Amino acid sequence: MASQNDDALKRLRCQRIGCNATFTEDDNPEGSCTFHDSPIFHDGMKEWSCCKRRSHDFSLFLEIPGCKTGKHTTEKPVLTKPVATSKTPAPAPAPSTTLGSSTPSKELCSRCRQGFFCSDHGSQAKEQTNYAPAVPAGSNVAAEVPPVPVKKKIGINEPQICKNKGCGKTFKEKDNHETACSYHPGPAVFHDRMRGWKCCDIHVKEFDEFMGIPPCTKGWHDANLSS
């Protein structure tokens, strides 16, 4: 009886992922442990990085048998983040700035894109509107120059509807500021009956729950007048 108690006290719990068996140092041959490497969780999917077997249900995911063998160990594995297999896109060129300053160009400014006055680009916008390239006399180049589109001017008290995802509120430009809008930058993800937002990595099954996911980003209201 004493020897059995001593043996029970000597038994150790294996710390490999997917094993959880008990063992002793004297009885731990090579191949006695079956385990997995690190798991991957993405868009509601659970996947083992070693054997690529996956499941949406967490309990079923844990029941997938280990694909590697070795000795039991009491050392906890160091989980390394799997390297994505997709190719890294080429870095986009740096946005142009105005007159060598750190101010974003008019094309990237959210205020200018909506047709509102911007203190950073007020004079620039005027210059771009009134500027026309010189055309030599007798040349046909002028016929090839497209007309400059006229942007719709909106008063600061005119109601508008925000087109940011997850917002849709009516606002006035005089009340618009950098934290006025709560929205999802997106995109929305619909996959295998799961619905969610990639920006905040929240996914649910029911559409009503999806519509009730609180926005994760603050910013300016945007009526998308430039589109």
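The values are calculated or read from the model by the stated rules, or taken from the named source; none is laboratory data. Only a predicted model underlies this, so the values are computations on that prediction, with no experimental measurement involved. In this analysis, Cβ positions are derived from the backbone assuming ideal geometry, glycine residues included, and neighbour counts consider all displayed protein chains. Accessible surface is based on the protein model in full, side chains and every heavy atom, while ligands, DNA and RNA are left aside. Shrake-Rupley method; radii C 1.70, N 1.55, O 1.52, S 1.80 Å.
Does residue 174 fit the bill of being open to solvent by 90 Å² or more (accessible area, probe 1.4 Å), in contact with a Cys (Cβ under 8 Å, 6 or more places away or on another chain) and at pLDDT below 90? Can you show your working first?
Details: open to solvent by 90 Å² or more (accessible area, probe 1.4 Å): yes; in contact with a Cys (Cβ under 8 Å, 6 or more places away or on another chain): no; at pLDDT below 90: yes.
Spelling it out, it is not the case that residue 174 is open to solvent by 90 Å² or more (accessible area, probe 1.4 Å), in contact with a Cys (Cβ under 8 Å, 6 or more places away or on another chain) and at pLDDT below 90.
Can you say whether residue 73 is at pLDDT below 65, open to solvent by less than 60 Å² (accessible area, probe 1.4 Å) and in contact with a strand residue (DSSP E or B) (Cβ under 8 Å, 6 or more places away or on another chain), as far as the supplied structure shows? Answer is no for this residue.
Candidates in segment 207-224 are the residues that are open to solvent by less than 60 Å² (accessible area, probe 1.4 Å) and among the hydrophobic types (A, V, I, L, M, F, W, C); of these, the one that is modelled with the highest pLDDT is 213. Every condition in (1) part of a loop (DSSP other than H, G, I, E, B); (2) surrounded by 10 or more Cβ atoms within 10 Å (Cβ to Cβ); (3) modelled with pLDDT of 70 or more is met by residue 117 except one, and the failing one is (3).
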